[in-house]
């Protein structure tokens, strides 16, 4: 992993960037936290532990939805109005954290959510929540394909581009455009998730 | 006479590639649909015809993505494999946790086999998309001169 980590990032030529931040594609200090979360999720599923399953699903799902909406609706538009060096500097510090955070939250939410639904009987065809849960699978499926097939590859490609001595602004702009194009879709999906989950919780 | 177009270095942003990411994303979408179909029947035993068809189609598209990638010359293979192996590790862990949940919930026999095949496709699809997306914007080590359009078969 050393070749992924301790490399210089930059957003412009050397003359314009006297003190470029060090950029890690994968923040190594975050890995123990991710490992602890994954271990806790496995323990919750293995023990069929109601409190832990609920905790992981609510905390993970709440953060996933909130971060998606906050980044898409608040941070994204602000980012779009910043100067290019400011945007690049923000991106260099923000995206490595997202590389670890979002997949961990998604795994935490989905794995425990399925187990929780099974334990509470919501997956039974006789349950009034069954239909809502199938709709939620579809919503999550769309978000998963967008996140895994479009957003995450672009995120990591931007980070690799920014590690180069002279990053190509055209490549970064091309990849960042994906975020703008998909922010609306994931925003609608997250609102749908909120509606579905509040319906499930109150039926 | 001026030099032909091949003498002008193609910037990475404008270099054209075969639709590896698109094909592999469709493969990912198919296994996600298959997974949704199977999960919608839990805890009952799901009918397997459609999930199996989706898994086979997903596997074919994954192989097509691999085949298209393998033919790329020049291509930054060092960067591709650097990203691929770490992404593979991450998504094998992710797929392993999902598989564990299914096994824990007493999924057995053919449904478990179909789920595991879908998870293998998922765990290969995502690293392939990520590694291809990173490597396509890199210049191969030691490669000087123009980078050709590789979107069409040679």
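The values are calculated or read from the model by the stated rules, or taken from the named source; none is laboratory data. Source: prediction; values computed, not measured. When we count neighbours, we look across all protein chains shown, and the Cβ atoms used for this are built from the backbone with ideal geometry, even at glycine.
Quick notes on this one:
- Within segment B:71-107, the residues that satisfy the criterion of being farther than 15 Å from residue A:35 by Cα, facing chain A (nearest Cβ under 7 Å), in a helix (DSSP H, G or I) and at pLDDT below 90 are B:98, B:100, B:101, B:104.
- Among the helices (runs of 4 or more DSSP H) confined to segment A:54-153, the ones with at least 3 residues that are buried (at least 16 other Cβ atoms within 10 Å of the Cβ), under 12 Å from the mean Cα position of the chain (by Cα) and within 9 Å of another protein chain (Cβ to nearest Cβ) are located at A:84-120.
- Only one entry in B:110, B:42, B:57 is in contact (Cβ under 8 Å) with a residue 12 or more places away in the chain, surrounded by 15 or more Cβ atoms within 10 Å (Cβ to Cβ) and more than 8 Å from chain A (Cβ to nearest Cβ), namely B:57.
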